[in-house]
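What follows is one structure encoded as structure tokens, with my remarks underneath.
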Amino acid sequence: MYNIAIVGATGNVGRKILSILEERNFPIKNLYLFASKRSAGKKINFKGVEYVVEETCEENIKSKDLDFALFSAGGDTSLEFAPIFAKNGAVVIDNSSAWRMDPKVPLVVPEVNPEDIKWNNGIIANPNCSTIQAMPVLKAIHDKYGLKRVVYSTYQAVSGAGMQAIQDLEDGMKGIAPKKFPKPIVGNVLPHIDVFLENGYTKEEMKMINETRKILHLDDLKVTATTVRVPVLNSHSESINVELLNSFELEDVVKVLEAAPGVVVYDDVDNLKYPTPLEASDKDDVFVGRIRRDFSIDNGLNLWVVADNIRKGAALNAVQIAELMIKGK
């Protein structure tokens, strides 16, 4: 049995982590819930027991004997408090972008690079939600055929931007101006996720590019991305165009993906069978369809990949990392 802390317990992802811990019957001895000073004192029910949320501060952290701390409280909070939790003996599994590209911190998708967990120094990073869902698919293809180039075009749900973004979607249907997004999201798409950088890409796009290389251990892989916010409540969709190093037969690619852990092939266009956000919501798996050859280049492949961004793209991935560590012990 293990002592677990959830940091950011009152947020979307924090609450989803709690529900997944309960669903999977995670072996919990003691559970501690942390959040901002503003949320301290709130009560959250877990397995029929009410827990009081504590303020995330050094004094409260040091008073606990912890095995794991699952973070979903933003980058600044992670930078400040993850080292304190780690120094206090907990393994931190962090959902923010704070530690992802730190060369001393493993960036892990359990179905893809579980071996990287072994070299953690007390902090393990959860990848970006849009990166996570692409990885089991690309890993399976890379292992069989090799990757030369990856082109991402994403269609990302508002839930990925937090509670205010969800409110913007609901308000927009009533004609109320957005507060989170710079432009209306209802009846619109915004090719703008996170801040713009000097190179013309957004931070979200560069996350996908850099995280893909790190997770797959392909430092020189050619990757580009365009990330877009769409008026969908939950689950991200991605069009992924891949150039492979070796030739392939389409039916063999399908078999490779069918055998990939965490991947469900959902592809029968004759019967209009392809993944959509509604079908992927609240599911553990990554769904892939529209699997077809790209005739414009040698060894080109097109894929349509959909997954629940809050569940698999954040909460479940973090819990799976903790489960892997327990199994490793």
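Below are the figures for this structure:
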{"read-out": "Candidate set: segment 207-232, residues that are farther than 17 Å from residue 137 by Cβ and without any contact (Cβ under 8 Å) to a residue 12 or more places away in the chain; chosen: the one farthest from the chain's Cα centre (by Cα)", "value": "220"}
{"read-out": "Residue selected from segment 177-213 under the condition farther than 19 Å from residue 147 by Cβ and charged (D, E, K, R), by the criterion surrounded by the most Cβ atoms within 10 Å (Cβ to Cβ)", "value": "204"}
{"read-out": "Near pairs, Cβ below 6 angstrom, 6+ apart or cross-chain, from segment 68-89 (more than 13 Å from residue 123 (Cα to Cα) and without any contact (Cβ under 8 Å) to a residue 60 or more places away in the chain) to any residue that is open to solvent by less than 40 Å² (accessible area, probe 1.4 Å) and assigned to a loop (DSSP other than H, G, I, E, B)", "value": "75/96; 75/98"}
{"read-out": "Matching residues, segment 142-187, being among the β-branched types (Val, Ile, Thr) and under 28 Å from residue 15 (Cβ atoms)", "value": "154, 158, 166, 176, 185, 186"}
{"read-out": "Test: residue 253 is in contact with a Leu (Cβ under 8 Å, 6 or more places away or on another chain) and under 30 Å from residue 67 (Cβ atoms)", "value": "no"}
{"read-out": "Which listed residue, of 214, 207, 222, 203, is under 25 Å from residue 283 (Cβ atoms) and of a type in the set (D, E, K, R)", "value": "207"}
{"read-out": "Filter result for the condition that a residue is on the phi > 0 side of the Ramachandran plot, among the acidic types (Asp, Glu) and either modelled with pLDDT of 95 or more or not in a helix (DSSP H, G or I) (or both), over 282, 270, 252", "value": "282"}
{"read-out": "Residues of segment 251-271 satisfying the condition of being in contact with an Asp or Glu (Cβ under 6 Å, 6 or more places away or on another chain) and either more than 21 Å from residue 135 (Cβ to Cβ) or touching a residue at least 40 places away in the same chain (Cβ under 8 Å) (or both)", "value": "261, 262"}
{"read-out": "Subset tally (residues that are hydrophobic (A, V, I, L, M, F, W, C), modelled with pLDDT of 95 or more and over 17 Å from residue 12 (Cα atoms)) for segment 59-97", "value": "11"}
{"read-out": "Which numbered condition residue 235 fails, given (1) touching a residue at least 40 places away in the same chain (Cβ under 8 Å); (2) over 20 Å from residue 317 (Cβ atoms); (3) polar (S, T, N, Q)", "value": "(2)"}
{"read-out": "Only listed residue being under 17 Å from the mean Cα position of the chain (by Cα) and open to solvent by less than 10 Å² (accessible area, probe 1.4 Å), chosen from 262, 300, 289, 313", "value": "313"}
{"read-out": "Pairs where the first residue, in segment 185-198, is within 16 Å of residue 209 (Cα to Cα) and the second is open to solvent by 60 Å² or more (accessible area, probe 1.4 Å), C-beta under 6 Å, 6+ apart", "value": "194/203; 195/203"}
{"read-out": "Residues of segment 95-109 that turn out to be open to solvent by 20 Å² or more (accessible area, probe 1.4 Å), under 20 Å from residue 16 (Cβ atoms) and free of Cβ contacts under 8 Å to residues at least 60 places away in the same chain, as a count", "value": "1"}
{"read-out": "Test: residue in segment 155-162 that is without any contact (Cβ under 8 Å) to a residue 40 or more places away in the chain and open to solvent by less than 40 Å² (accessible area, probe 1.4 Å)", "value": "no"}
{"read-out": "Any chance residue 216 is loosely packed, with under 14 Cβ neighbours inside 10 Å and not small (Gly, Ala, Ser)", "value": "no"}
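The values are calculated or read from the model by the stated rules, or taken from the named source; none is laboratory data. Computed from a predicted structure; not experimentally measured. Because the Cβ atoms are built from the backbone with ideal geometry, glycine has one as well, and the counts that use them run over all protein chains shown. Each accessible area value is taken on the protein alone, full model and side chains, heavy atoms only, with ligands, DNA and RNA left out. Shrake-Rupley method; radii C 1.70, N 1.55, O 1.52, S 1.80 Å.
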